[in-house]
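Notes for the one structure printed next.
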Amino acid sequence: MRPFAGWIRSLWLKFRSRLRSSRVSSIRFIITWSFSVFIVLVLTIMALLLHDKFTQAAERSAELTTRQIVDQVSYNLEDYVRSMSHLYRAIEEHMLRDGTWEGDQVDKQLDTLLSSREDIISITLLDSTGHLLKNRPSAELKPSAHVTQQGWFQSALRVPDHLSFSLPHIQNMYTGPYKWVVSMSKGITVRQNGQDRQVILLVDINFKQMDELSRRVSLGQRGYVYIIDESAGNIVYHPQQQLMYMGLKSENIEQALVATGSYEDEADGQKRLNAVKSVANIGWKIVGVAYLDEIMTTRQEVNGYLIRVLLVVLVLVILVSLFLSSSLTRPIRRMERKMKAVERGDFNVELPIEGPLEVERLSRRFNLMVYKIRTLMNEIIHEQEQKRRLELEALQAQINPHFLYNTLNSVVRMVGMSRNEEVITMITSLSRLFRISLSQGKTIITVREELEHAHHYLTIQQMRFKRKFNFSMKADEDTLDCLTLKLVLQPLIENAIVHGIEYHMDEGCIEIRVYREDDKLVFRITDNGVGMTEEQLSKLLMGSPVVKSGAGSGVAVRNVHDRIQLYYGELYGLEFESELEEGTTVWIRIPIQSEREEDDAHESE
């Protein structure tokens with residue numbers, strides 16, 4: 001279990017590390033997508049709530065509309081049935097008045113009535129045995145009619161004095177074209193010649209009128225209305241009657257018979273809304289069928305509208321988020337660039353004080369921080385320069401006592417030997433040498449002065465060593481006014497004398513040459529002394545003693561090298577070349593500086 005937990009932790013740390021190093025963890029990315037996701041989430045919730053609200057309202061509206069249409073059809077059908085009932089009563093009163101139906105007056109009235117109503121097909125009066133008593137228009141009853149077996153006839157006999165409406169059927173009692181009719185029949189008892197007589201009054205009305213009332217209903221493109229008989233569940237009217245007879249279409253009659261109001265069902269995989277309404281005084285039920293996918297077009301339109309609005313808002317939110325995030329992160333990116341400049345050592349950068357309040361405050365703090373760092377750096381540089389100058393002066397101070405000690409020893413020895421002229425010469429050279437050494441406290445002098453200083457030093461040393469060596473000095477004319485660190489030749493000359501010439505059997509020779517080499521000023525000191533080994537050369541610039549004791553052990557040479565590098569940098573310094581019994585050559589390389597450049601540098605400081 002522990003190895004698995006460790007593996008999960010390692011995987012998580014790698015994932016978090018990669019995530020933090022990618023653009024995903026940037027402030028711009030976080031602001032853009034957080035804001036966008038938040039707005040989209042809020043809009044989605046609002047869209048879902050509006051969609052649910054609109055859907056419920058659309059469903060209620062569709063149901064109400066369907067019910068209103070069915071109610072209107074029912075009202076129209078009831079009104080038509082009521083008018084036909086009134087018409088039937090009028091026919092009954094005119095035809096059976098005083099128990100007689102004979103006479104031209106009755107015929108005229110019935111003919112007038114038939115001519116004024118196209119929906120009345122025929123008016124027939126039969127006795128209880130089915131014998132024809134009278135009909136208009138006048139026609140012969142077919143022997144095969146079997147009127148007593150007709151449903152309307154039996155209904156009239158079974159429930160006398162009650163107007164019955166039959167199911168639509170084809171009228172086949174008379175010769176001529178057959179028409180779809182609905183028969184109104186009623187058994188009536190009349191008194192004729194002092195006796196009661198049972199007669200049947202039949203009025204056939206064209207079913208076309210009822211068909212038009214139902215056909216004009218609009219319940220979408222596929223919706224329709226059908227009528228059923230409440231007593232037996234027979235279909236009175238259906239716009240697809242032929243398909244019903246052929247068994248290619250069916251309706252849920254059982255549910256329509258028991259339903260009140262509306263209900264939903266499914267046919268051929270499609271949901272339908274059914275609204276049911278009973279027609280008074282006729283025993284029929286009107287069923288309006290509407291397909292939900294058609295009547296709910298409002299919901300689909302709302303869905304499409306909400307999706308379009310959501311997409312438009314999403315695009316706008318992303319654009320606004322990008323703009324805001326860019327505006328907010330631009331000062332931070334600018335600050336990052338400035339910080340990188342500071343990291344590279346450029347402390348002269350400054351942030352503009354602009355943007356939001358927090359950014360302005362941060363910019364001021366940054367500028368103040370850079371200013372303080374710059375001030376501290378300047379103070380540190382100044383302190384370092386002071387320190388370097390003090391170190392140079394300290395190194396300089398190490399040279400003077402050493403030289404003075406050797407020179408005074410020589411003077412003492414010459415005085416002891418009464419060599420007064422040499423003493424005067426040595427003291428004079430020493431005086432001039434110290435005059436140049438002091439140089440009014442300056443660290444930098446001209447090459448001319450440095451050579452003069454070296455000349456006096458060599459003069460003194462030549463006298464000390466009893467002219468054991470001679471020397472020569474040669475400098476290019478254009479180098480004499482160049483500037484150099486003070487007293488860089490004297491320790492090297494001393495080293496050549498002490499380690500090269502003093503123990504050499506032959507007469508020594510020291511040659512000093514000054515010349516330019518590219519942008520460098522070169523001092524070359526050559527002697528023909530005993531030379532040095534490779535080990536002694538490698539120790540010389542490391543400050544290690546060349547010899548175990550005695551004067552000129554190498555410390556002074558090392559001091560010269562350190563002074564040059566402290567003042568001019570590590571590109572400059574001393575270079576040695578030596579061969580045993582052949583002599584040693586030392587090169588001093590420093591940058592070429594004129595007196596005018598030095599003055600300009602001081603003025604700029």
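The values are calculated or read from the model by the stated rules, or taken from the named source; none is laboratory data. Since the model is a prediction, treat every value here as computed from it, not as a measurement. Every residue, glycine as well, gets a Cβ built from its backbone with ideal geometry; the counts of neighbours run over all protein chains shown. Calculation scope for accessible area: heavy atoms of the full protein, side chains included, ligands and nucleic acids excluded. Shrake-Rupley method; radii C 1.70, N 1.55, O 1.52, S 1.80 Å.
Look at the range 442-457: where a residue is under 16 Å from Pro491 (Cβ atoms) and a partner is of a type in the set (Val, Ile, Thr) and part of a helix (DSSP H, G or I), sitting 6+ places away or on another chain with Cβ atoms under 9 Å, you get Ile445/Ile436; Glu450/Ile436; His453/Ile436; Ala454/Ile493; His456/Thr428; His456/Ile436; Tyr457/Thr407; Tyr457/Ile493.
Each row is one residue, and each column tells you yes or no for (1) surrounded by fewer than 20 Cβ atoms within 10 Å (Cβ to Cβ); (2) at pLDDT 90 or above; (3) not hydroxyl-bearing (Ser, Thr, Tyr); (4) not in a loop (DSSP other than H, G, I, E, B).
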position: Glu422; (1), (2), (3), (4): yes, no, yes, yes
position: Thr425; (1), (2), (3), (4): yes, no, no, yes
position: Ser429; (1), (2), (3), (4): no, no, no, yes
position: Leu433; (1), (2), (3), (4): no, no, yes, yes
position: Ser439; (1), (2), (3), (4): yes, no, no, yes
position: His453; (1), (2), (3), (4): no, no, yes, yes
position: Thr459; (1), (2), (3), (4): yes, no, no, yes
position: Ser472; (1), (2), (3), (4): yes, yes, no, yes
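Within the range 73-81, one or more residues are under 60 Å from the mean Cα position of the chain (by Cα) and surrounded by 15 or more Cβ atoms within 10 Å (Cβ to Cβ).
Per this entry, Asp478 is not counted among residues that are surrounded by fewer than 18 Cβ atoms within 10 Å (Cβ to Cβ) and within 20 Å of Gln565 (Cα to Cα). Considering only the range 357-369, I want to know if a residue exists there that is under 30 Å from Gly569 (Cβ atoms), open to solvent by less than 80 Å² (accessible area, probe 1.4 Å) and modelled with pLDDT under 85. So far as the range 357-369 goes, no, none of its residues is under 30 Å from Gly569 (Cβ atoms), open to solvent by less than 80 Å² (accessible area, probe 1.4 Å) and modelled with pLDDT under 85. The lone criterion from (1) open to solvent by 40 Å² or more (accessible area, probe 1.4 Å); (2) not in a helix (DSSP H, G or I) left unmet by Leu201 is number (1).
With the requirement that a residue be more than 19 Å from Val73 (Cβ to Cβ) and either in a strand (DSSP E or B) or not charged (D, E, K, R) (or both), what does the range 263-288 give you? Within the range 263-288, Glu264, Asp265, Glu266, Ala267, Gly269, Gln270, Lys271 qualify. Only one entry of Gln209, Gln221, Gln255, Gln242 meets the criterion of being assigned to a helix (DSSP H, G or I) and touching a residue at least 40 places away in the same chain (Cβ under 8 Å), and that entry is Gln209. Residue check: is Leu487 in a helix (DSSP H, G or I) and either farther than 22 Å from Leu408 by Cα or not hydroxyl-bearing (Ser, Thr, Tyr) (or both)? It is false that Leu487 is in a helix (DSSP H, G or I) and either farther than 22 Å from Leu408 by Cα or not hydroxyl-bearing (Ser, Thr, Tyr) (or both).
Listed by first and then second residue, the pairs linking a residue in the range 123-139 that is touching a residue at least 60 places away in the same chain (Cβ under 8 Å) and closer than 12 Å to Gln198 by Cα to a residue that is hydrophobic (A, V, I, L, M, F, W, C) and in a loop (DSSP other than H, G, I, E, B), with Cβ atoms under 9 Å apart and 6 or more places separating them unless they lie on different chains, are Leu125/Leu96; Leu125/Trp101; Leu133/Trp101.
Could you grab me the full set of residues in the range 151-204 that are farther than 19 Å from Asn135 by Cβ and touching a residue at least 60 places away in the same chain (Cβ under 8 Å)? Within the range 151-204, Phe165, Leu167, Pro168, Arg191, Asn193 qualify. Of the candidates Asn274, Asn206, the single residue that is out of contact with any helix residue (DSSP H, G or I) (no Cβ under 9 Å at 6 or more places or on another chain), crowded, with 16+ Cβ neighbours inside 10 Å and among the polar types (S, T, N, Q) is Asn206.
Filtered by the rule that a residue be over 16 Å from Ile493 (Cβ atoms) and modelled with pLDDT under 80, the range 548-565 gives Lys548, Ser549, Gly550. If you go through the range 135-153 and pick out every residue that is open to solvent by 80 Å² or more (accessible area, probe 1.4 Å) and within 19 Å of Ile120 (Cβ to Cβ), you end up with 1. Selection within the range 82-105: residues that are assigned to a helix (DSSP H, G or I) and in contact with a Lys or Arg (Cβ under 8 Å, 6 or more places away or on another chain). The member of this set that is surrounded by the most Cβ atoms within 10 Å (Cβ to Cβ) is Met95. Checking each residue in the range 303-335 for being closer than 13 Å to Arg28 by Cα, over 16 Å from the mean Cα position of the chain (by Cα) and of a type in the set (Val, Ile, Thr) picks out only Ile332. Applying a threshold of 9 Å to beta carbon distances and a minimum spacing of six or more residues, or different chains, the list of pairs starting in the range 491-502 at a residue that is at negative phi and ending at one that is of a type in the set (Asp, Glu) and surrounded by fewer than 23 Cβ atoms within 10 Å (Cβ to Cβ) reads Ile501/Glu507.
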